[in-house]
Every structure is written in structure tokens, then in C-alpha cells.
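Down below is the structure, laid out as C-alpha cells.
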Amino acid sequence: MVNGGFFGNISNTIQLMKSCIKVLKKDRELILFPIMAAIFVVILLGLIYSTGSIDFSATNEEQQSIFPIAILIFGANFIIVFFNSALISAALERLRGGDPNISSGLSHAFKHVHHIFFWSIIVTIMGLIFAAIKANGRNRGGFGGIMTQIFASFLEAGWAMMTFFVVPIIVSENMSPISAIKRSSSLFKQTWGNQVAANFGFGIFQIIAVLISLGIGWFFGLINGTFGIAIGLLCATASISIIYTLEGIYKAALYEHALGEKPLEFEEQDLRTAYRANSAMA
């Protein structure tokens, strides 16, 4: 029986996370992919900061040059997409009966780096467009401004859902980003239900993890402020990395399910609760 409503989605997410944890227990090294992504993004920020091309102290958006900001956003997007591609490649290998490791995941991502590069450009352009629309709404103010921001948020959410499977398609089917978008849209229309699974549930768990990490940091901060901040950041990084890894495994499993396959370690019923067929919505 499919659980419905908000709490039903949370229940479904917990079941799916249990299956994801089974995969992660077999391949604990997968958690290193989001950690490596975070490290390289921090390095990129440091390099950009050292050049002085972006004034991080500026309070007015008009004081900033759009070009270095776009380069920074693209660089961060490329790093995140690349390591996400490596993670999903490794997850797909495990779900198909293989025995992945860090090397195999990175190697597979490198094979598709040209598609990853152009997909990162598209992600950056779309992100800047959504940000520009929202900024326009904030500048306008009033009811019209609020509606503009809501409109942009709906567009952004729709774009995220229609491109949900782009990365798995790129690394599994070796399609170009444009073809992958079309393919992702097709798979999404075929197999979605009330929401793209309890995907939002992962976001909720991330928020909970951050709040718990802040609480732990605050507790140790009572002893020593610097030590508390360090412990809080360490806990937040570890917990978010674990959840991000589980989400990558989850996306790989949903992709396999959309293709009509039964991913190992996952129960078919759990995946069906993630999204219903269109016929169930008629």
C-alpha cells in the first residue's frame, strides 16, 4: 500500500534510505565523492579570493562584475556535477551487480567529462537566469515582486524535476546534455507520481542533520568556542556527506527502476512508492 501525504512521503523516504544504506555499507568509500567535491570547491573559492577578482565584502549586487561570479559558479557546478557523476556511476555499478570503488567511479566520470562540462554550462546559465528573475522581483518589491519570485521558484522546481535523470543518463547512456534533457523529461513523464519520490525528504533530513550538528557544536562551544565550531563543522560535513551519498544512490536506483530494471538491494514496492505511473494519476 502506498503511503500518502506528508508523513507518508517521510515514511517512504525512510524505507528508501534503508535500502540506500545497504548499498553504502558495502561501498563505504562512496562517501568520499561529496567530500572531495566540497574540498575542491573550497580550493576554488580560495583561488578566486586570492586573485581579488570578486569583492566578497560588496553589499550591492551592481558593484560586482558578473563575469568572475559566473566563472566561480560554473567552476563550482562543474566540480559538483563531476563528483556526482562519479558517485552515480559507482552506485549504478553496485546496483547492477558490480563491485565499484573510488577509482572506477572517477574513471567513468572522466570518460564523460566533455558531456559533464557542457551540462555544467547549461546548469550555470539556467541558475543565473533564475537568480536574475528572483533579483528582479526583489528589486521591484510589492505584490508584483513577490509573484515574480514565486514564478521563478516554480520554474526552477520544474527545471529540476525535468532534468532529474540527466546525470545518470549521461554516465549510463553517453548522451549529450541536450539529448539527456529530452530523455530525462521522457522518463520523468513516464514514471512520476505525487512527487519525485520522497526526494524532499532528503532535504528535510539534511536540515535535521545541520540542526543536530549546530547543537553538538554549541554544546562543545560551552567548553571552548573554537573547539565547538570545529566539532560542529565536522559533524555537519560528515552528516551532509552521508545524506548526499545516499541521495546519489537513491537517484541511481530510481533511474534503474525507470528503465524497467530492478536494482539490487532495493525492494520493488519501495521504489513504486517513490513515484506512481501516470495511469495512477488519471
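Quick rundown of the values:
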read-out	value
Filter result for Lys251 (surrounded by 16 or more Cβ atoms within 10 Å (Cβ to Cβ), basic (Lys, Arg) and closer than 30 Å to Ser186 by Cβ)	yes
Set Ile146, Ile169, Ile178: member being of a type outside the set (D, E, K, R), exposed (fewer than 15 other Cβ atoms within 10 Å of the Cβ) and modelled with pLDDT of 90 or more	Ile178
Matching residues, the stretch 98-154, being within 15 Å of Ala86 (Cα to Cα) and not in a helix (DSSP H, G or I)	Gly98, Asp99, Pro100, Asn101, His112
Cβ-Cβ under 6 Å pairs, at least 6 apart or on other chains, the stretch 62-78 side within 22 Å of Ile116 (Cβ to Cβ), far side modelled with pLDDT of 90 or more and polar (S, T, N, Q)	Ile73/Thr124; Phe74/Thr124; Asn77/Ser120; Asn77/Thr124; Phe78/Ser120
The stretch 52-79: number of residues that are at pLDDT 95 or above and of a type in the set (Val, Ile, Thr)	1
Filtered residue count, the stretch 149-163, keeping only those that are out of contact with any Gly (no Cβ under 8 Å at 6 or more places or on another chain) and either touching a residue at least 60 places away in the same chain (Cβ under 8 Å) or surrounded by 14 or more Cβ atoms within 10 Å (Cβ to Cβ) (or both)	7
When residues of the stretch 215-229 are limited to those that are touching a residue at least 12 places away in the same chain (Cβ under 8 Å) and surrounded by fewer than 16 Cβ atoms within 10 Å (Cβ to Cβ), the one nearest to the chain's Cα centre (by Cα)	Ile229
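The values are calculated or read from the model by the stated rules, or taken from the named source; none is laboratory data. Predicted model only: the values in this text are computed from it and were never measured. Cβ: placed from backbone, ideal geometry, glycine included. Neighbour counts: every protein chain shown.
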